[in-house]
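What follows is a short report on a single structure.
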Amino acid sequence: MSFLIFMRILDLFFKKNGRRRIITVETKEKIQRDWKNVEELLSQKGPSQLRQALITADKSLDNALKDIVDGETMGDRLKNAENLFERDEYNKIWEAHKVRNSLVHESGYEPPYFVVTKAVQDLKDALEKIGVRV
């Protein structure tokens, strides 16, 4: 294991003041339950199901981040989680979150199927990177 990866793992578990910061079992179980719904929604392939799958996937990552980083909003938590991911992974997470925000806040925004499914996959990869198996 490289030193950089080792340091990122330590960042997952320790806050600046030395307190352990872990994703709780309860949070992991909720995310795993929610992810079953995400998979079901993706399999249906309808526009509203895809929208809901992305929204749920984004919320799942947010729930995990709430356990391990500080921040009032998902955006704040993402900023505070930057050191947990490689640069390209981090950028993909932000892009996925921006697609979710556009879905929720922009009237008439309908991204192509591949954009939504890629965003969901990127959020899934982020969850797995921080130790949540879905």
Exercise. Please give the helix 3-13 orientation as an angle from the longest Cα principal axis of the chain, in degrees from 0 to 90, rounded to the nearest 10.
Key: 80 degrees
Self-check item: Viscosity 0.692 mPa s, 37 °C: Kirkwood-radius Stokes-Einstein D of segment 46-97 over Cα pairs, µm²/s
Solution: 284 µm²/s
Quiz item: Using alpha carbon coordinates only, what is the Rg to Rh ratio of the chain, with Rh defined as the Kirkwood radius?
Solution: 0.98
Practice problem: Give the accessible surface of segment 45-90 per residue, rounded to a whole number of Å², with probe radius 1.4 Å and ligands, DNA and RNA excluded. | Solution: 45 Å²
Exercise. Report in % the part of the accessible area of the chain that belongs to carbon and sulfur, leaving out ligands and nucleic acids; probe 1.4 Å.
Key: 53 percent
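The values are calculated or read from the model by the stated rules, or taken from the named source; none is laboratory data. Remember, it's a predicted structure, so these values are computed and weren't measured experimentally. For the accessible areas, the whole protein counts, side chains as well, though only heavy atoms, and no ligand, DNA or RNA atoms are used. Shrake-Rupley method; radii C 1.70, N 1.55, O 1.52, S 1.80 Å.
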